[in-house]
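The values are calculated or read from the model by the stated rules, or taken from the named source; none is laboratory data. Worth saying up front: this structure is predicted, and the values here are computed from it rather than measured. As a convention, Cβ positions derive from the backbone with ideal geometry for all residues, glycine included, and neighbour counts pool all protein chains shown.
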Amino acid sequence: MGVVLVLSGPSGSGKSSLINSVKDELGDYYFSISTTSREPRGQEVDGREYFFVSKDEFKKDIAEGAFLEYAKVHGNYYGTSLKNVYDALSENKMVLFDIDVQGHDSLKNILGDIMTSVFITPPTSQTLEKRLRTRATDDEDVIQKRLLQANDEIKKIHEYDYFIINDDLDKAKDEFLNIVKAAKLKKPKQFKDYFIKEWI
């Protein structure tokens with residue numbers, strides 16, 4: 001059985017940059033690509049950043065039970081396909097998620113102790129605002145919504161196994177790779193129960 005590593009954090013916290021900086025050092029892994037009903041932004045490509053579908057298509061998939069988890073954020077749906085994740089786990093791969101705090105809660109309820117979670121955050125809300133404005137992909141209304149949402153998300157840090165203050169990318173990368181090693185060594189309750197039974 002593979003392992004699950006979940007990353008969350010405010011939009012603009014640098015999750016994508018961090019993942020890109022370590023992807024050649026992760027070993028055999030599957031990056032779970034979410035499905036969303038929102039329109040592509042900038043240079044985003046269908047099947048790379050997200051699977052882009054209409055709201056009607058997304059609602060149809062919800063009704064058919066196609067998602068491991070899903071949430072509605074800023075008026076759009078985001079969700080994780082069941083089949084792709086379970087296929088990767090059956091191949092003993094590490095499954096890497098980049099999801100919001102709502103998705104984290106849903107996954108924790110479903111996957112339990114095969115999951116390790118890490119919250120990525122800039123050092124201050126001012127740093128986050130500067131990053132959001134610098135990347136220039138959102139209008140002022142969306143930026144303000146993201147900042148308000150970040151204030152809610154930051155309160156959830158204690159629900160995660162680890163958190164990384166992403167101010168220095170090299171330092172954040174080292175910390176993240178150490179968390180990956182720990183996640184791969186983690187043994188689920190089912191394995192521990194089996195070991196105890198065999199021992200006795």
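Before moving on, here are some points about what is shown:
- The single residue among 107, 68 that is hydrophobic (A, V, I, L, M, F, W, C), under 25 Å from residue 40 (Cβ atoms) and outside any helix (DSSP H, G or I) turns out to be 68.
- So residue 78, is it at pLDDT below 85 and either assigned to a helix (DSSP H, G or I) or closer than 24 Å to residue 183 by Cβ (or both): no
- Of residues in the stretch 20-41 being in a loop (DSSP other than H, G, I, E, B) and within 17 Å of the chain's Cα centre (by Cα), the one nearest to residue 100 (Cα to Cα): 34
- Extreme residue, nearest to residue 37 (Cα to Cα), among residues of the stretch 47-62 that are in a loop (DSSP other than H, G, I, E, B) and within 21 Å of the chain's Cα centre (by Cα): 53
- Screening 5, 18 for residues that are touching a Ser or Thr at 6+ places or on another chain (Cβ under 9 Å) and either surrounded by 11 or more Cβ atoms within 10 Å (Cβ to Cβ) or free of Cβ contacts under 8 Å to residues at least 12 places away in the same chain (or both) leaves exactly one candidate, 5.
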